[in-house]
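Notes follow once the structure below has been shown.
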Amino acid sequence: MAEASSFYITTPIFYVNDVPHIGHAYTEVAADVLARWHRQAGDDTWMLTGTDEHGQKILRTATANGVTPQEWADKLVADAWIPLLETVGIANDDFIRTTDARHEANVQKFLQKLYDDGHIYTGEYEGYYCVGCEEYKQESDLVPGAGEYEGQLVCAIHSKPVELLHEKNYFFRTSAFAERLLALYEERPDFVQPESARNEVLGWVRSGLADLSISRSTFDWGVKVPWDETHVVYVWFDALLNYITAVGYGQSDEEFARRWPAQHIVGKDILRFHAVIWPAMLMAAGLEVPKGVFGHGWLLVGGEKMSKSKLTGIAPEQITSTFGSDAFRYYFLRAIAFGQDGSFSWEDLSARYQAELANGFGNLASRVVAMITRYCDGAVPTAGALQPADIEIASVERRATDDSWQAIDRLAIHEAIGAAWALVDALNGYLTAEEPWVLAKDPANRERLETVLATAYRGLGTLAVLLSPVTPVAAAKLWAALGAPGTVQQARIDRAFEAELGERVAPLEALFPRVEVAE
RNA sequence: GGGGCGGUAGCUCAGCUGGUUAGAGCAGUGGACUCAUAAUCCAUCGGUCACGGGUUCAAGUCCCGUCCGCCCUACCA
């Protein structure tokens, strides 16, 4: 199915000033698995990720470090963000930075068009400004003052009174699109997923939309507003546009038509921007809205949303250095229903690593390859007359292939892995029931032995293909050990059960070696 | 304050529009087996479904209330 159809998937772009943690990596991995799966099913796939580099905070930290904001961003991208992708094995097709010329120039083009078409007006922003923080505060950030400031509202951080300031700003008429947005959610129930996210978005839009201030004039690290260079574009407005500037908007109509619209994968915290403001922006510009917006859940540590301020932030390398990138990818996508919040704990991670990856999948590969080596001198045997158990394995392979692909189509990554895993369990059970090590003792059982091993070998091949998007490193090792041709990524995943395999097995090192947990 | 979500076996979670003895995985226990990373396979223990009312022939599943937890309330995946 889906021959050569276009599949364009994005992650949010990272705010470079953040410190990468497993939450960022989680989003990346989810998008990457979907991209790999589609790519391997023959779709014209494109995965985009990148960095968000404008804004006052970055300007400030750059200045504090005595470098220009561009130099600061360059350093963070090179030292933190590109390495993050490598750490968890992301195979993105493009990496956009909001400081790229292709981005900045076309953000201006987009903005100018909205301005020319009357979607932007000049207004006045009024807000509480904290001199200490050098930024506007929401009322929720203010607390009642004490002592000499008794009776006034003060900044929660500095405990000093804030000033009510007015600033000239340009505003985008988000409010004008409320009806069209509601119609969109109505017509396309899966535009915002999962269901809980959709409900939340519906609630927001029904309760009314305020116009969005889209420019700032108190600092200058950003894309200049084309008709008023004393203003720079508000970072979110700037950042969202990466999804189209990266695929040719304003530059190459052909490329743009080929890729757009995209499936966005975002954390549920930024759902509002992606499911409300972004489609409104696109509507204003006369462009197609995204294919869909999927808001995934939080990673919870100790029952609470992971956060660096509470010191629960975990760097991806803490996990990958011990368990490897495959385990990272597998664990978070398998253990957490995609879209829901999920609890992370080292205990759970190592338990699943041991039980599922090492004992389940890894050991299965190991025992099958070892038996073919031992009983057949490494030559892959040919199946003889099939018995019901062998036929059952073949049908499990077929079901795993179909079910997992069908789940991926619904963005149910955890279900897709579960569907593939049914094959791991079936094969382990099959071997125990057929007892090839017993068959091997009597030459009279030779044909049966070879049939069983051929069937198990066939199953392993299917497994390698099905799991390659999730555990690409292990799948490649297994593929090589099976002596299969080319790379496992070249095998069509939507027809995994009939992948072309090999004739001789090669030694296989442990796919997921046992880990001594040092807490 | 307002809004959302959740509270089901030791742990992580399934339980759709209410309907036979509430399920899975892991952990625990017992057994089988030895090809394999002391792995695998089978069996088994284990729950007053947060609490209190209500609706109903029937509620984990609907309604009301209470308690607890988390999150959102315009710029942290």
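What to note about this one:
- Ranking A:190, A:44, A:238, A:93 by solvent-accessible area of protein heavy atoms (1.4 Å probe, all protein chains present), from largest to smallest, gives A:190, A:93, A:44, A:238.
- Ordered by 1.4 Å accessible area with all protein chains kept, A:117, A:18 run largest first as A:117, A:18.
- Accessible area in the full protein assembly, largest first, 1.4 Å probe, for A:8, A:234: A:234, A:8
- At q = 0.06, 0.08, 0.10, 0.12 Å⁻¹, base-10 log of I(q)/I(0) for chain A (Debye sum, equal scatterers on each alpha carbon): -0.35, -0.59, -0.86, -1.13
- Environment charge at residue A:294 (Cβ cut-off 11 Å; Lys +1, Arg +1, Asp -1, Glu -1): +3
- Heavy-atom accessible surface of residue A:345, to the nearest 10 Å², is about 40 Å², with a 1.4 Å probe and all protein chains retained.
- Residues of chain A: accessible area per residue with a 1.4 Å probe, Å²: 42 Å²
- Per the Kirkwood formula applied to alpha carbons, region A:256-334 shows a radius of gyration over Rh ratio, Rg over Rh, of 1.12.
- Taking every DSSP beta bridge that has both ends in chain A, the antiparallel portion is near 50%.
- Computed from label points 7 Å out along Cα-Cβ, the spacing between residue A:432 and residue A:121 is 7.1 nm.
- Förster radius 25 Å - calculated FRET efficiency between residue A:175 and residue A:112, Cβ distance, rounded to 0.05: 0.70
- Shape call, region A:17-120: gyration tensor on alpha carbons, a/c limit 1.5: oblate
- Cβ-defined net charge surrounding residue A:222, 12 Å radius [Lys, Arg +1; Asp, Glu -1]: -3
- Spacing of the modelled spin labels on residue A:447 and residue A:359, each 7 Å from Cα toward Cβ, amounts to 3.8 nm.
- In terms of packing, defined here as the mean over residues of other Cβ atoms within 10 angstrom, the peptides A:423-435, A:330-342, A:66-78 line up highest first as A:330-342, A:423-435, A:66-78.
- In region A:417-519 the Cα-Cα distances spread across 5 Å bins starting at 0 as 2, 12, 19, 21, 20, 13, 8, 4, 1, 0, 0 percent of all pairs.
- Across q = 0.09, 0.15, 0.17, 0.21 Å⁻¹, region A:324-465 modelled as identical point scatterers on its alpha-carbon atoms has Debye log10 I(q)/I(0) values of -0.32, -0.78, -0.94, -1.23, in the order of the q list.
- Close amide H partners of residue A:50, meaning residues 5 or more places away or on another chain with modelled amide H under 5 Å apart, are A:14, A:96.
- Dipole magnitude (debye, nearest 20) for chain A, charges at Cβ of Lys, Arg, Asp, Glu: 660 debye
- Two-site FRET efficiency, residue A:68 against residue A:503, from Cβ-Cβ distance with R₀ of 60 Å, rounded to 0.05: 0.50
- Taking each of A:57/A:305; A:268/A:305; A:168/A:224 in turn, the alpha-carbon distance tops 20 angstrom for A:57/A:305.
- Over region A:214-263, relative contact order from alpha-carbon pairs under 8 Å, at least 6 apart, %: 25 percent
- A simple count of charges around residue A:88, restricted to other residues whose Cβ falls under 15 Å of its Cβ and scoring Lys, Arg +1 and Asp, Glu -1, yields -2.
- Region A:396-427 and region A:179-258: distance between their alpha carbon centers, rounded to Å: 35 Å
- If the segment from residue A:348 to residue A:410 were pulled out straight at 0.36 nm per residue, it would be longer than the present Cα-Cα gap by 19.7 nm.
- Using 0.36 nm per residue and subtracting the Cα-Cα separation, the extra length available between residue A:93 and residue A:163 on full extension is 20.5 nm.
The values are calculated or read from the model by the stated rules, or taken from the named source; none is laboratory data. The structure displayed is predicted, hence computed values, not measured ones. With ideal geometry, Cβ positions are generated from the backbone for all residues, glycine too; neighbour counts draw on all protein chains shown. Quick note on the areas: whole protein, heavy atoms, side chains included, nothing else; ligands and nucleic acids left out. Shrake-Rupley method; radii C 1.70, N 1.55, O 1.52, S 1.80 Å.
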